Amino acid sequence: MTRVLVIGGTLFIGRALVDQLLERGDEVVIMHRGNGTPFGERVTELRCDRNDVAAVRSALRDTSFDVVYDNVYDWERGTTAEQVTAAAVAASAKLRRYVFTSTVAAYPEGGPYDEQAALVPSDHPNVYGAQKADSERALFDLHRRQGLPVTTLRPAFIYGPNNPFPREAFFWDRLRAGRPIIIPEDGARTMQWVHVKDVASAAVLASTRDVAVGHAYNLASYPPITQIDFVQLLARIAGREAHLVHIPREQIQRAGGALFAPPFYFGVYLDIPPITVRSDRARSELGLELTPLEDGLRETYQWYQQQQLPHPDFSWEDRLLVAAR
């Protein structure tokens, strides 16, 4: 039996990952700040703030794991390379693999990139991408200097059941209500997606394949999809017609529209300059076949329909639409 530590295992990626680990028969320990998990007595809880370096070192001092899966990023405070490497070093004794979930946002705008492309610098304006890039550099440095058996994953936008971010649900809320969808500019910016179950599968595969040690893996659908095509796909899945209203990005932002805090105008963080990656290495080295985007979104829509979600507040959008006319 494999003994594993999942740092963050109760929400989105971690929840999908723990499901797969339990199905494999692994002994699972979850490190998180909360009380209780969706898994009951099938897992052991280790209550600890992973951003608290001293607490993490103390919590891991008298225990050991075969594999550590590190999925957590603190969106309010950030999570630095020092905080990530503290856990990696503390758990390094007898460790067979340290799998770290990074992001394609660790790359600069542009692409398509493979995993050999340079990551963004520490002073990059996207703090999330910069801290993930710094964490990867620090982990691979530990690999070179101390032999830490690390693998990193770089997923694109993650979708699927239990998504805590209003991304795909943002549009289905509006499509089902018969509301117009605000499209920034011409809607030609592209994005890539990966199903949460595929991210979890990649993590499990990376923990078992020797070839994965010291390597990074991009996880993203290809080719990219434009904003307009994404909305049209969501509308087709929901059996609704998409009424698109194009508004200049500057006007949207001047009215208060935001990317990562209400009032959202195009889901959460989905209107950023495009970053395009290829996932050939994940297929050739890990044997991972990504879920086709339409198939994964249809499954996600079935889950979405079963949720009791609060009714969205459309008042800001109404004011913007009136001003745009």
Exercise for review: Provide a single number: the residues in the range 100-114 that are crowded, with 19+ Cβ neighbours inside 10 Å, assigned to a loop (DSSP other than H, G, I, E, B) and either of a type outside the set (Ser, Thr, Tyr) or without any contact (Cβ under 8 Å) to a residue 60 or more places away in the chain (or both).
Suggested key: 1
**Study point:** Those residues of the range 192-238 which are in contact (Cβ under 8 Å) with a residue 12 or more places away in the chain and among the acidic types (Asp, Glu), in sequence order
**Key:** Asp198
Exercise for review: Go through the residues of the range 188-201 one by one and say whether even a single one is more than 26 Å from Glu289 (Cβ to Cβ) and either modelled with pLDDT of 95 or more or of a type in the set (Phe, Trp, Tyr) (or both).
Suggested key: yes
Practice item. Could you check Thr291 against (1) surrounded by 15 or more Cβ atoms within 10 Å (Cβ to Cβ); (2) within 30 Å of Ala216 (Cα to Cα); (3) out of contact with any strand residue (DSSP E or B) (no Cβ under 7 Å at 6 or more places or on another chain) and say which number it fails? Key: (3)
Study note, to complete from the structure: Checked the range 121-156 for anything surrounded by fewer than 22 Cβ atoms within 10 Å (Cβ to Cβ), under 18 Å from the mean Cα position of the chain (by Cα) and not in a helix (DSSP H, G or I); matches are Asn126
Review point. Out of the residues in the range 79-118 that are polar (S, T, N, Q) and touching a Leu at 6+ places or on another chain (Cβ under 8 Å), which is nearest to Pro149 (Cα to Cα)?
Key: Ser92
Practice item. Select from the range 157-197 the residues that are of a type in the set (Asp, Glu), on the phi < 0 side of the Ramachandran plot and surrounded by fewer than 19 Cβ atoms within 10 Å (Cβ to Cβ) and write down the one among them that is nearest to the chain's Cα centre (by Cα). Key: Asp173
Exercise for review: Report, ordered by the first and then the second residue, all pairs with beta carbons closer than 9 Å, sequence separation of six or more or different chains, a first member in the range 61-80 that is on the phi > 0 side of the Ramachandran plot, and a second member that is assigned to a loop (DSSP other than H, G, I, E, B) and surrounded by 12 or more Cβ atoms within 10 Å (Cβ to Cβ).
Suggested key: Gly78/Asn51
**Study point:** Exclusive hit being in the same structural domain as Asn35 (by TED's automatic domain parsing), in contact (Cβ under 8 Å) with a residue 24 or more places away in the chain, out of contact with any His (no Cβ under 7 Å at 6 or more places or on another chain) and of a type in the set (S, T, N, Q), set Ser92, Ser58
**Key:** Ser92
**Study point:** Which listed residue is surrounded by fewer than 16 Cβ atoms within 10 Å (Cβ to Cβ), in contact (Cβ under 8 Å) with a residue 60 or more places away in the chain and within 21 Å of Leu153 (Cβ to Cβ), from Arg97, Arg24
**Key:** Arg24
Revision key, fill the gap. Exactly one of Thr44, Thr2 is among the β-branched types (Val, Ile, Thr), farther than 26 Å from Pro155 by Cα and out of contact with any Ser or Thr (no Cβ under 6 Å at 6 or more places or on another chain), and that residue is Thr44
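Rundown of residues vs (1) within 20 Å of Asp134 (Cβ to Cβ); (2) assigned to a loop (DSSP other than H, G, I, E, B); (3) outside the structural domain of Leu153 (by TED's automatic domain parsing); (4) not β-branched (Val, Ile, Thr), yes/no style:
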{"site": "Ala16", "(1), (2), (3), (4)": "no, no, no, yes"}
{"site": "Met31", "(1), (2), (3), (4)": "no, no, no, yes"}
{"site": "Glu41", "(1), (2), (3), (4)": "no, no, no, yes"}
{"site": "Asp49", "(1), (2), (3), (4)": "yes, yes, no, yes"}
{"site": "Ser64", "(1), (2), (3), (4)": "no, yes, no, yes"}
{"site": "Trp75", "(1), (2), (3), (4)": "yes, yes, no, yes"}
{"site": "Glu82", "(1), (2), (3), (4)": "yes, no, no, yes"}
Revision key, fill the gap. In the range 199-247, anything polar (S, T, N, Q) and either more than 30 Å from Glu285 (Cα to Cα) or part of a loop (DSSP other than H, G, I, E, B) (or both) is listed as Ser221, Gln227, Gln232
Exercise for review: Out of Glu285, Glu250, report the one residue that is part of a helix (DSSP H, G or I), surrounded by 14 or more Cβ atoms within 10 Å (Cβ to Cβ) and over 17 Å from the mean Cα position of the chain (by Cα).
Suggested key: Glu285
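The values are calculated or read from the model by the stated rules, or taken from the named source; none is laboratory data. These figures come from a predicted structure and were not determined experimentally. Positions of Cβ are generated from backbone atoms using ideal geometry, with glycine treated the same way; all protein chains shown enter the neighbour counts.
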